[in-house]
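The values are calculated or read from the model by the stated rules, or taken from the named source; none is laboratory data. Keep in mind that what you see is a predicted model, and the values were worked out from it rather than measured. Using ideal geometry, Cβ is built from the backbone for each residue, glycine included, and neighbour counts are taken over all protein chains shown. Only protein heavy atoms, including side chains, enter the accessible area calculation; ligands, DNA and RNA are left aside. Shrake-Rupley method; radii C 1.70, N 1.55, O 1.52, S 1.80 Å.
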Amino acid sequence: MLGRLLEPVVGGERAPHCVDALVARFGDVGGAIVAPKDEVARLLNESGEACAARLSDLHGLVLAVVRRKAMSRPLLGSRAALRHYLSTALAGEKREQFRVLYLDSRNGLIHEELAGVGTRDHAPVYPREIIRRALELSASALILVHNHPSGDPTPSAEDIQTTVRIVAAGAVFGIPVHDHLVVGQKRVFSFHDAGLIGPLNGAAEVRALGRPGGQGRRAVVARRSASATDSPSAMHSG
């Protein structure tokens, strides 16, 4: 199938050899499709740039299909489709990205936003800005997403601390974080599935609303939270 798609740019005889080279380098057809264009170009020499452009077009088409499938239903009811989409979108990225999925009261997607782009192992994230955006969009909940270009999705200590800060900021306004997904090369780590998100949300709600005065203290807590989260958190790849 991939060979046929490459035939118009490399010729029928050369296409199978290009596919073999791509699979050998990137593991499988999926890896070849999401591979960085500059690496494809270097690998295939004289036909590299044409093949890279063709694969980029194919990647865009696949991404549109899997995104539509993932977003066509409540996100928490289609975790496999969501992970497939995020892997397709981020697994081949060479720089770390932090994205936020803003959800409505039925866990449908309101908006997907790129909140930060960094280096290979670091992306600045501003918890206050994430929550401010949630309020602008009237979002009821969040799903956090970032990738590890190193390929290992195991969260770092900085990843966990950033999650804690965003959860705490969201709890002030009653906006929970349903999950934080870390996309690696071959798999996706879920804070929810690892049992991390539930306790974080619960503890944050207690801190924000369980003090003397409860709801009446929200404005004060909000001002303190905004001050505490004004500086960026650093996401680090494992």
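How many of the residues in the range 75-108 are more than 27 Å from Pro36 (Cβ to Cβ) and out of contact with any Pro (no Cβ under 7 Å at 6 or more places or on another chain)? Counting residues in the range 75-108 that are more than 27 Å from Pro36 (Cβ to Cβ) and out of contact with any Pro (no Cβ under 7 Å at 6 or more places or on another chain) gives 9. Meeting the requirement of 2 or more residues that are hydrophobic (A, V, I, L, M, F, W, C) and under 30 Å from Leu58 (Cβ atoms), the strands (runs of 3 or more DSSP E) wholly within the range 74-133 are 97-103, 109-117. If you go through the range 85-130 and pick out every residue that is under 18 Å from Gln185 (Cα atoms), within 11 Å of the chain's Cα centre (by Cα) and buried (at least 18 other Cβ atoms within 10 Å of the Cβ), you end up with 11. For the range 146-185, residues that are outside any loop (DSSP other than H, G, I, E, B), of a type in the set (Val, Ile, Thr) and farther than 20 Å from Leu82 by Cα total 6. Would you confirm, using the coordinates I've provided, whether Arg132 is among the basic types (Lys, Arg) and farther than 18 Å from Ile197 by Cβ? Judged against the criteria, Arg132 is a match.
Inside the range 161-189, residues that are under 17 Å from the mean Cα position of the chain (by Cα) and either closer than 30 Å to Gly27 by Cα or open to solvent by less than 20 Å² (accessible area, probe 1.4 Å) (or both) make up a count of 16. Residues that are free of Cβ contacts under 8 Å to residues at least 12 places away in the same chain and not polar (S, T, N, Q) were ranked within the range 50-72; the one that is nearest to Asn107 (Cα to Cα) is Arg68. Only residues that are open to solvent by 40 Å² or more (accessible area, probe 1.4 Å) and at negative phi were counted across the range 2-29, and they come to 16.
Checking the range 10-22 against the condition returns a match, with at least one residue being modelled with pLDDT of 75 or more, in contact with an Asp or Glu (Cβ under 8 Å, 6 or more places away or on another chain) and more than 19 Å from Lys94 (Cα to Cα). Got at least one residue in the range 186-200 being assigned to a loop (DSSP other than H, G, I, E, B), farther than 23 Å from Asn107 by Cα and at pLDDT 55 or above? Checking the range 186-200: at least one residue is assigned to a loop (DSSP other than H, G, I, E, B), farther than 23 Å from Asn107 by Cα and at pLDDT 55 or above.
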